[in-house]
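The structure appears right after this line, and notes come after that.
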2 protein chains.
Amino acid sequence: MGNVDQRLPLYQRLRDEIAAQIASHVWRPGEAIPTEAELAASHSVAVGTVRKAIQTLVDEGLVERFQGRGTFVRRPSFDSSLFRFLRFHGPEGRHEVPESKILDRSGLIGPDPVIKALRLPTGTEVIRLLRQRLIKGWPVLAEEIWLPRARFEPILTMPLDEMGALLYPAYERFCGEIVASAEETLTVEGVAAPFDTILSLPQASPVVVIERLAFGYHGGPLEWRRSCAPASTFRYHIEIR
Amino acid sequence: MGNVDQRLPLYQRLRDEIAAQIASHVWRPGEAIPTEAELAASHSVAVGTVRKAIQTLVDEGLVERFQGRGTFVRRPSFDSSLFRFLRFHGPEGRHEVPESKILDRSGLIGPDPVIKALRLPTGTEVIRLLRQRLIKGWPVLAEEIWLPRARFEPILTMPLDEMGALLYPAYERFCGEIVASAEETLTVEGVAAPFDTILSLPQASPVVVIERLAFGYHGGPLEWRRSCAPASTFRYHIEIR
DNA sequence: CAGTGGTCTAGACCACTGC
DNA sequence: CAGTGGTCTAGACCACTGA
């Protein structure tokens, strides 16, 4: 902390300092960071330099600016990521948030692939959640979720009915862990246990598998997740330049 | 052309003017646009304003800047788009550019979905290319490509062996049409004719279908393409914030 | 070496927000 | 209305490129 390379441009060093403070929860998501004038004064740089530093944070998605109101730490919205990949919508074209049903919750020694994905030492204890997501009672998504137990103990013991359909808010409220970014890898496979029964699909039906590794503000992995959906519900749109 | 809304910020109007000139091929891809100082003088604005206008063009992927050299019109590279979606690589992990074999080339009245995708009036003539792409003799990709005949007549008549493995350079060289951007939509389907035989897959095997609509610098659609690959070769990676 | 974009400053004025 | 970010200017100096 506070260690800066003097060769870097001023605005870069300022950006890094602000980013580190966001990572340290000096300001929490939704809160405003100091104004341009304040930052310029406290760091003894010109306002223009502060503006450039903040602009890079905006480009990186770490903060949002609103004219006349201030600059705010951004809370990433992952709800939309589901809809980027899968077409869950009602007959009128509206998105529906699938309900959530936890089928299994257990603590265990992390299996090898999980340990590797979460970058933990061999033998570390982890939490496994097996989750079914439904729309109008129909299973549309099956998820296996892995968390390092040390950071997420409350998730293992808390009442399931307090967890809600979205996990990330629960992570923040009960474990103080905030998801800042994620990587997803998408493949098409034949469905395998235990996802086949959860989705009530015949063996080896084509499914889309989304592997997501979620990171905290400090950059370390927080959660590894494998989600599985029938291939017919998959649709992805992208713009290329 | 030259029609600008006086309410827009200076740097926006400047951006639009430069973008329009790029679209009009005042400078072609790879060429340098005027320096910051020249643009500032010719438009009677400060250099800082020019910088901001150019920065937005950089963010949009229209130009590239190089310190000490200049600012250059960017040529989008679509070769990489293939590899974003499909894992074609040799045993050593290196990417391989698949060879290309044109199975059919014909001019015809545009079928309804093609006409709609390319936004042409009903009854317009189009060119259809059916293409097989192979790695080490194995078919890995099947493509159906549709072009408005009026703009792409040379593609219909030129010798096939002058076309090469990449179509976009051919479009530019023989038809003067430059692809500036594209949209892709990705779905998983059961393979259907004529792609099943081209890929030598059993009926209804799972395949990834990539529909690409490519646009020119003026914003209108130039090419519509449906590509089809066995689902097992599909892999997509994305970062989320 | 001259010419380019990159960094940084200092300040003016505008447009929007919320009290 | 005071306070915020947004636009715009004018100029200094630095770092890199290519002849």
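Here is a yes/no grid of residues against (1) farther than 26 Å from B:Ser24 by Cβ; (2) modelled with pLDDT of 95 or more; (3) within 17 Å of the chain's Cα centre (by Cα); (4) not charged (D, E, K, R):
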residue: B:Thr124; (1), (2), (3), (4): no, yes, no, yes
residue: B:Leu141; (1), (2), (3), (4): yes, no, no, yes
residue: B:Leu166; (1), (2), (3), (4): no, no, yes, yes
residue: B:Thr185; (1), (2), (3), (4): yes, no, yes, yes
residue: B:Ala193; (1), (2), (3), (4): yes, no, no, yes
residue: B:Leu213; (1), (2), (3), (4): no, no, yes, yes
residue: B:Gly220; (1), (2), (3), (4): no, no, yes, yes
residue: B:Trp224; (1), (2), (3), (4): no, yes, yes, yes
### Task
Any chance you could count how many residues in region B:197-208 are in contact with a strand residue (DSSP E or B) (Cβ under 6 Å, 6 or more places away or on another chain) and surrounded by 18 or more Cβ atoms within 10 Å (Cβ to Cβ)?
5
### Summary
Flagged in region B:19-74 as of a type in the set (Lys, Arg) and away from DNA strand C (no atom under 11 Å from the Cβ), in numbering order, are B:Arg28, B:Arg74
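Across region B:57-91, what is the total count of residues that are among the acidic types (Asp, Glu) and at pLDDT below 70? Don't jump to the end; show me each part of the working.
First, the residues of region B:57-91 that are among the acidic types (Asp, Glu): B:59-60, B:64, B:79.
From what is left, the residues that are at pLDDT below 70 are B:79.
Residues meeting the conditions: 1.
Out of the residues in region B:171-181 that are in contact with a Pro (Cβ under 8 Å, 6 or more places away or on another chain) and modelled with pLDDT under 90, state the one that is nearest to the other protein chains (Cβ to nearest Cβ).
B:Ser181
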### Query
When you scan region B:220-241, how many residues do you find that are away from chain A (no Cβ under 13 Å) and surrounded by fewer than 21 Cβ atoms within 10 Å (Cβ to Cβ)?
3
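The values are calculated or read from the model by the stated rules, or taken from the named source; none is laboratory data. Just so we're clear, the structure is a prediction, and the values are computed from it rather than from any experiment. Every residue, glycine among them, receives a Cβ derived from its backbone with ideal geometry; neighbour counts consider all protein chains shown.
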